[in-house]
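Reviewing the structure listed below.
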Amino acid sequence: MSSSSSRRNVVTLLAAFLGWLFDGFEMGMFPLIGQPALKDLLGSTTSPAVVSQWFGVIIATFLVGAASGGVLFGWLGDKMGRVRAMGLSIFTYAIFTGLCGFATEAWQITALRFIASLGMGGEWSLGVALVNEVWSAKSRAVTAGLIGAAANVGYLVVALLSMVLVSFITKAEHALSVIGLSQTTVHYLTDHSAWRLLMISGALPALLNFTILFFVPESEKWKAEHARGATAHWARWDLLGVFYGSLAALGITLAW
């Protein structure tokens, strides 16, 4: 293998690994801060049963979105290329995760998490597809395993963060005050377990990975198949079926 091919393989695997690591981090972060966020948004007088119900709805819509995003971005990957579609998926979950930090109602968190989950589901399917097309067949089991393990690394980061959350909030309050933010803004970002600050900051690493993708070459296998028109694997009815299935699942969740 030439040095350029080796470098391409490593950069591709790194991008896919980091993309799924940040996926895992953001999936694990909501269970950590979801309850404080909902108590903040719904009001301190809201019963724990209502808070738990909203929490369950948000988790359910997230799972529907992640499954749908795998199909949606898989289709985009066939149309526009693996790298560009994966970049779009990472950008989607980064931006909409960050926007959760500005939510003023519980339903806004639900909607934003749903859109973010589309990107998270898409990143997984595209990352595996891209790595499998770039790396040799004998390496695919190992590389797919590494990508899958990346999410667990993200969960581990969340677990470590939970252990030092109080210290983190204290240091964050000091840092935000030092850079000149008003006390009102500092409290807005750090009250209720700093859920707003964590949601906003959770988008930043993913955007870093989005930048890394500029150095990832497109899959030569996809280019060859696209040139001969062999990448259109999705029929319109396939996509409509997924769309209506997602609507049905969301309708059941909201009715519940």
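The values are calculated or read from the model by the stated rules, or taken from the named source; none is laboratory data. The structure displayed is predicted, hence computed values, not measured ones. As a convention, Cβ positions derive from the backbone with ideal geometry for all residues, glycine included, and neighbour counts pool all protein chains shown. Surface areas here come from the heavy atoms of the whole protein model, side chains and all, with no ligands, DNA or RNA. Shrake-Rupley method; radii C 1.70, N 1.55, O 1.52, S 1.80 Å.
For the range 44-63, the set of residues classified as in a helix (DSSP H, G or I) and among the small types (Gly, Ala, Ser) consists of Ala49, Ser52, Gly56, Ala60, listed by residue number. Show the residue pairs meeting these rules: Cβ distance below 7 Å; 6+ apart or different chains; first residue within the range 133-156 and closer than 19 Å to Arg8 by Cα; second residue among the small types (Gly, Ala, Ser) and part of a helix (DSSP H, G or I). So the pair list comes out as Ile147/Ala16; Ile147/Gly127.
Under the condition of being open to solvent by 70 Å² or more (accessible area, probe 1.4 Å) and at pLDDT below 80, which residue from the range 215-235 is farthest from Gly34 (Cα to Cα)?
Arg228
For the range 25-42, indicate whether the set of residues that are over 28 Å from Met163 (Cβ atoms) and open to solvent by less than 40 Å² (accessible area, probe 1.4 Å) is non-empty. Let's see the steps before the verdict.
Looking only at the range 25-42, we keep the residues that are over 28 Å from Met163 (Cβ atoms), and these are none.
No.
Residues in the range 4-24 that are open to solvent by less than 60 Å² (accessible area, probe 1.4 Å) and without any contact (Cβ under 8 Å) to a residue 12 or more places away in the chain: Ser5, Ser6.
Within the range 120-138, track down each residue that is in a helix (DSSP H, G or I), more than 14 Å from the chain's Cα centre (by Cα) and surrounded by 15 or more Cβ atoms within 10 Å (Cβ to Cβ). Full working, then the answer.
The first filter runs over the range 120-138 and keeps only residues in a helix (DSSP H, G or I), leaving 120-134, 137-138.
Filter once more, keeping what is more than 14 Å from the chain's Cα centre (by Cα): 128-134, 137-138.
Once the filter is applied, which keeps residues that are in a helix (DSSP H, G or I), more than 14 Å from the chain's Cα centre (by Cα) and surrounded by 15 or more Cβ atoms within 10 Å (Cβ to Cβ), the range 120-138 yields Val128, Ala129, Leu130, Val131, Asn132, Glu133, Val134.
Considering Leu239, Leu204, Leu189, the condition of being open to solvent by less than 70 Å² (accessible area, probe 1.4 Å) and either at pLDDT 70 or above or not hydrophobic (A, V, I, L, M, F, W, C) (or both) is satisfied by Leu189 alone. May I ask you to verify whether Gly98 is among the small types (Gly, Ala, Ser), within 11 Å of the chain's Cα centre (by Cα) and part of a helix (DSSP H, G or I)? Judged against the criteria, Gly98 is a match. Inclusion of Leu112 among residues that are of a type outside the set (S, T, N, Q), under 20 Å from Val50 (Cα atoms) and assigned to a helix (DSSP H, G or I) is warranted. Looking across the range 68-82 at every residue that is more than 16 Å from the chain's Cα centre (by Cα) and closer than 19 Å to Phe17 by Cβ, the one that is surrounded by the fewest Cβ atoms within 10 Å (Cβ to Cβ) is identified as Gly77. Among the criteria (1) out of contact with any Pro (no Cβ under 9 Å at 6 or more places or on another chain); (2) surrounded by fewer than 21 Cβ atoms within 10 Å (Cβ to Cβ), the one Ile59 does not fulfil is (1).
Does the range 1-20 contain at least one residue that is modelled with pLDDT of 90 or more and not in a helix (DSSP H, G or I)? No, the range 1-20 contains no residue that is modelled with pLDDT of 90 or more and not in a helix (DSSP H, G or I).
Restricting attention to the range 171-186, report how many residues are surrounded by fewer than 13 Cβ atoms within 10 Å (Cβ to Cβ) and either touching a residue at least 12 places away in the same chain (Cβ under 8 Å) or in a helix (DSSP H, G or I) (or both). Total satisfying the criteria: 7. Annotation note: Cβ proximity below 6 Å between a residue of the range 52-76 that is closer than 14 Å to Leu88 by Cβ and a residue that is not in a helix (DSSP H, G or I) (sequence gap 6+ or interchain) occurs for Trp75/Trp234. The set of residues from the range 90-113 being hydroxyl-bearing (Ser, Thr, Tyr), open to solvent by less than 20 Å² (accessible area, probe 1.4 Å) and touching a residue at least 60 places away in the same chain (Cβ under 8 Å) comprises Tyr93, Thr97.
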